[in-house]
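Data first, discussion second: the structure below is written as structure tokens.
The values are calculated or read from the model by the stated rules, or taken from the named source; none is laboratory data. Predicted model, so just to flag it, every value in this text is computed and none were measured. All Cβ positions, glycine included, derive from the backbone under ideal geometry; neighbour counts span all protein chains shown. For accessibility, only protein heavy atoms count, side chains too; no ligands or nucleic acids. Shrake-Rupley method; radii C 1.70, N 1.55, O 1.52, S 1.80 Å.
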There are 2 protein chains.
Amino acid sequence: MSDSSPPRKRRTAGRITLNDVAREVGVSALTVSRFFNHPERVSEELRQRIGEAVSALGYVPNLVAGSLASARSRIVGMVIPNISGPIFANTIQGFSDTLSRHGYQLLLASSYFSPEQEENAVRAFLGWSPAALVVTSHFHSEGTEKLLAGTDIPVVEIWDYQPERAPIQVGFQHYDVGEMAVRHLLGKGYRRIAFVLNSAAGDFSALDRRDGYAAILEAAGLQPWNFVPSIGSAPFEAGKEAMETLMQGTPKPDAIIFANDNLAAGGLLAAQRMGLRIPDDCAVMGFGDYAFAHMLLPSLSTIRPPSLAIGEMAALRVLESLGAIATTLPVQRLNRLECQLVEREST
Amino acid sequence: MSDSSPPRKRRTAGRITLNDVAREVGVSALTVSRFFNHPERVSEELRQRIGEAVSALGYVPNLVAGSLASARSRIVGMVIPNISGPIFANTIQGFSDTLSRHGYQLLLASSYFSPEQEENAVRAFLGWSPAALVVTSHFHSEGTEKLLAGTDIPVVEIWDYQPERAPIQVGFQHYDVGEMAVRHLLGKGYRRIAFVLNSAAGDFSALDRRDGYAAILEAAGLQPWNFVPSIGSAPFEAGKEAMETLMQGTPKPDAIIFANDNLAAGGLLAAQRMGLRIPDDCAVMGFGDYAFAHMLLPSLSTIRPPSLAIGEMAALRVLESLGAIATTLPVQRLNRLECQLVEREST
DNA sequence: ACTCGTTATGTCAGCGCTAACATGCGCAGT
DNA sequence: ACTGCGCATGTTAGCGCTGACATAACGAGT
């Protein structure tokens, strides 16, 4: 009876759209679209009027629709082992800040060193057709490798530096870190150098550091000496245990390299309790240069990874790949950064 | 000549779509869509076959298209002052983990306590029609307030707890923290209690802590004693300066509350250098219970904010609001969490 | 005057998916 | 047998935006 074409129920709330702005100004929607994406192609006068209408109406561009239409988005996904740890936080910060300075958003997930969780995150991220993807290290599940290989967006692998792998690499070689620590200690005259590695860490990179340690030590004609505390979960406690066990045994080491600063801090505290003089009775080295390393007594010699720089450089490489920042040269695929040995009182 | 309807150039790469999967299985696209979003409405047999086709083809659902069509997304935006600081990292971690356990993704941005940066991030996030939005504290720009008020998605304010504000609140009252610290010190017999606040921090919450400190002290008939180090940017150095200045002056305080653990750590080190006995010559309290607080000498008494719990509870409230997890009750709007006083050697 | 190129703006279709509605089927109840 | 209901699946029409292409307006060069 009444009406031949019953109007469909509208699904969306009264959200303000490009068309609303266009109608207000008296131009086509496309011109308003250009106002946001290619402002230089809109005349000065219209730019003015559109700008006013946008803020008068409180229009917020719908990036979802835009991304669907253009098959591009300004989202970059990052999968990192953890957010709150002392190691990666700076990388995330540097990455996020550099990205957002260029109008890109960060989609973040943590994997806790689990390849499955990483794969889930990568899959979910790919659903958003992100502009690029950043993953940590090179230990991926087969599924992740397949997903990454099957996409044509830029992929960056950070923290580890593996020249033979295809994705853009931004990081350092953990092997070198072990080497750097040993050289430092050998140079200071230490000879019986132990390496303490907390088994619980899913952090495979620590194994590379230990390998570097062992290789240099053997090259110097000395014996590697690995110690794995029985306490797996709490690094601080594990570090204490390591110091106590090693320094109550015979022979004793004259230097201990801990796989990270948390372990080392535990070691220092145990040493203090045992009345040992650090570094005279035993030198201590850590890895990470965590915030507290310089506050300990004695302050901790350690190796500082380029956490922030990794995040920033990863972002730069991403932005270059996307053409968001100018480069005359092709995007650099291999980016090897330097760790820095920070010598303090404990060695 | 050749063809009456010249086929438009295809814009997208050969991405696999729902239709490809549907054709493969011999069903309609909608059935495949249901396979992902409402699997219980698809027969067991089809579920099986669709599942196989999906993994055979390596199909990854296009969440952008899905979000546009349904006007919903599984993205939640969070704007937080910083990522790498010791305070917020745990909150992000707890939030992210809880969200991702339920299939939601985290879009993250940091504001560095700048209302403008916060507003930019909120605006950009809103463009993604996120499922919910989380912001830190209640100090927003006017624009941010307008944006948040104009949306109908759940908004959660974290860290501060402001019962009179409209959004869901998950946090604690910093005022109470100041109070808690003073009560602890008064209970231990300290009477000349100073408060050290680093002016450079854009962290307004610290002001609330100081107000709580001052109020309780005055209520006890004692004089508040504020000290602002001249060094603005480096909290550790500023803490040293505060300790030196205060303990070389007359009269001296018998206890110092530092606005955060970084300042307090600097204070402890300076005290050690000056040969002061902590807590006999002067007690020291911090705020934050940063990772190193228990590793210092003497170990630092401090107040531990519920960082992780805030992140987790914020995520729970978001998920409840979205109906992603079951609740019989309406979503709790006010969530006041407890800080914990951690008594160690420095008081 | 005419062509050509450049710039500013508009028309149309469609990105990949899902809400609303429609259909068809099997089965219980009478 | 027939109605009515619930369940599995299909058809249609967009979601809000942008790409390709079209067009109009204008000045410069011949």
Loss of accessible area when A meets B, both sides summed, Å² nearest 100, probe 1.4 Å: 4300 Å²
Given the DSSP H assignment, sum -39500 (n - 2.57) over each helix run of at least 4 residues in chain B and divide by its residue total; what's the result at 222 nm in deg cm²/dmol, nearest 500? -13000 deg cm²/dmol
Counting Lys and Arg as +1 and Asp and Glu as -1 over every other residue whose Cβ sits under 11 Å from the Cβ of B:His138, the net charge comes to -4
Heavy-atom accessible area per residue - the range A:174-304, 1.4 Å, Å²: 38 Å²
When each copy gets a label point 7 Å from Cα toward the beta-carbon at A:Ala326, what are the spacings between them in nm, shortest first? 6.1
What is the spread of the Cα atoms of chain B along each of their three principal axes, largest first, in whole Å? 98, 50, 37
Chain B to chain A by rotation: the residue of B with the beta carbon nearest the axis and the rounded distance in Å are B:Phe292, 2
Probe 1.4 Å - accessible area at A:Asp280, Å² to nearest ten: 110 Å²
Choice from A:Arg47, A:Arg192, A:Arg317 showing the highest fluctuation, given a GNM over chain A with Cα pairs closer than 10 Å: A:Arg47
Output wanted: per-residue J couplings in Hz (rounded whole) for the range A:333-339, from phi through Karplus 6.51 cos²θ - 1.76 cosθ + 1.60, θ = phi - 60°, x for Gly and Pro. 8, 10, 10, 9, 9, 9, 7
A drop of at least 40 square angstrom in accessible area, chain alone versus all protein chains together, probe 1.4 Å. Which residues of the range A:83-118 meet that? A:Ile83, A:Ser84, A:Gln93, A:Gln105, A:Leu106, A:Leu107, A:Leu108, A:Tyr112
What whole-number distance in Å separates the alpha-carbon centres of the range B:94-114 and the range B:139-159? 16 Å
Too long at a 26 Å Cα-Cα cut-off: which of A:Lys188/B:Lys240; A:Lys240/B:Lys252; B:Lys188/B:Lys252; A:Lys188/A:Lys252? A:Lys188/B:Lys240; A:Lys240/B:Lys252
Accessible surface of A:Leu147 - all protein chains present, 1.4 Å probe, nearest 10 Å²: 30 Å²
Report, in whole Å, the centroid distance computed from the Cα atoms of the range B:173-228 and the range A:271-291. 36 Å
Solvent-accessible area lost in complex, 30 Å² minimum, residues of the range A:282-309 relative to chain alone, 1.4 Å: A:Phe292, A:His294, A:Met295, A:Leu296, A:Leu297
May I ask which residue of B:Val228, B:Pro115, B:Val76 lies farthest towards the positive end of the charge dipole of chain B, with charges of +1 (Lys, Arg) and -1 (Asp, Glu) on Cβ and the Cα centre as origin? B:Val76
Only four residue types carry charge here, +1 at the Cβ of Lys and Arg and -1 at the Cβ of Asp and Glu. Report the dipole size of chain B about the Cα centre in Debye, rounded to the nearest 20. 940 debye
Using a Förster radius of 30 Å, what is the FRET efficiency between A:Arg41 and A:Ile325 based on their Cβ-Cβ separation? Nearest 0.05, please. 0.90
What is the distance in Å between the Cα centres of the range B:311-328 and the range A:18-58? 38 Å
What accessible surface, in Å², does a 1.4 Å probe find on A:Asp176, ignoring ligands, DNA and RNA and rounding to the nearest 10? 50 Å²
Once you have the Kirkwood Rh of the protein assembly as shown from its Cα pairs, apply Stokes-Einstein at 25 °C and 0.890 mPa s and quote D in µm²/s. 87 µm²/s
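Please compute the per residue accessible area over the range A:18-61 with all protein chains in place, 1.4 Å probe, rounded to a whole number of Å².
Here the per-residue accessible area is 60 Å².
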Rank B:Gly143, B:Gly58, B:Gly103 by mean-square fluctuation in a GNM of chain B with C-alpha springs under 10 angstrom and give only the top-ranked residue. B:Gly58
Long-range HN-HN contacts of B:Thr136 with modeled amide H, under 5 Å: B:Val79, B:Ile158
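In debye, nearest 20: dipole of the range A:174-304 around its Cα centre with unit charges on the Cβ of K, R (+) and D, E (-)?
320 debye
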Using a/c under 1.5 as the rounded threshold, could you call the range B:86-174 rounded, prolate or oblate? The axes a ≥ b ≥ c are square roots of the C-alpha gyration tensor eigenvalues, and prolate needs a/b larger than b/c, oblate otherwise. rounded
With a/c under 1.5 counting as rounded, go ahead and sort the range A:174-304 into rounded, prolate or oblate using the C-alpha gyration tensor (a ≥ b ≥ c being the square roots of the eigenvalues; past the cut-off, prolate if a/b is larger than b/c, else oblate). rounded
Taking the label point 7 Å from Cα along the Cα-Cβ vector, the copy-to-copy distances for A:Glu116, listed from shortest in nm with one decimal, are 4.8
Expressed as a percent, the accessible surface of the protein assembly as shown that is carbon or sulfur, using a 1.4 Å probe and the full set of protein chains, is 51 percent
Enumerate the amide H contacts of B:Arg74 below 5 Å, restricted to partners 5 or more residues apart or on another chain; note that Pro and chain-start residues carry no placed amide H. none
Partners for B:Lys146 among aspartates and glutamates (Cα-Cα distance below 16 Å; same-chain residues under 8 apart left out): B:Glu116, B:Glu118, B:Glu119, B:Glu157
Phi angles of the range B:291-297, converted by Karplus (6.51 cos²θ - 1.76 cosθ + 1.60, θ = phi - 60°) into ³J(HN,Hα) in whole Hz with x for Gly and Pro, give 3, 8, 4, 7, 9, 6, 10
Prolate/oblate/rounded call for the range B:18-61, Cα gyration tensor, a/c under 1.5 rounded: rounded
Could you give the length gained by full extension between B:Ser233 and B:Lys188, i.e. 0.36 nm per residue of separation minus their alpha carbon distance, to one decimal place? 13.0 nm
Length-normalised contact order of the range B:18-61, Cα under 8 Å, at least 6 apart, in percent, tallies to 40 percent
Nothing charged except the Cβ atoms of Lys and Arg (+1) and of Asp and Glu (-1): what's the magnitude of the dipole of the protein assembly as shown about its Cα centre? Round to the nearest 20 debye. 1500 debye
Phi-based couplings in Hz for the range B:109-114 (Karplus 6.51, -1.76, 1.60; Gly and Pro marked x): 8, 10, 10, 6, 6, 9
Taking the label point 7 Å from Cα along the Cα-Cβ vector, the copy-to-copy distances for A:Asn226, listed from shortest in nm with one decimal, are 5.7
Would you look at the GNM of chain A, springs on alpha carbons closer than 10 Å, and say which of A:Arg34, A:Arg101, A:Arg209 moves the most? A:Arg34
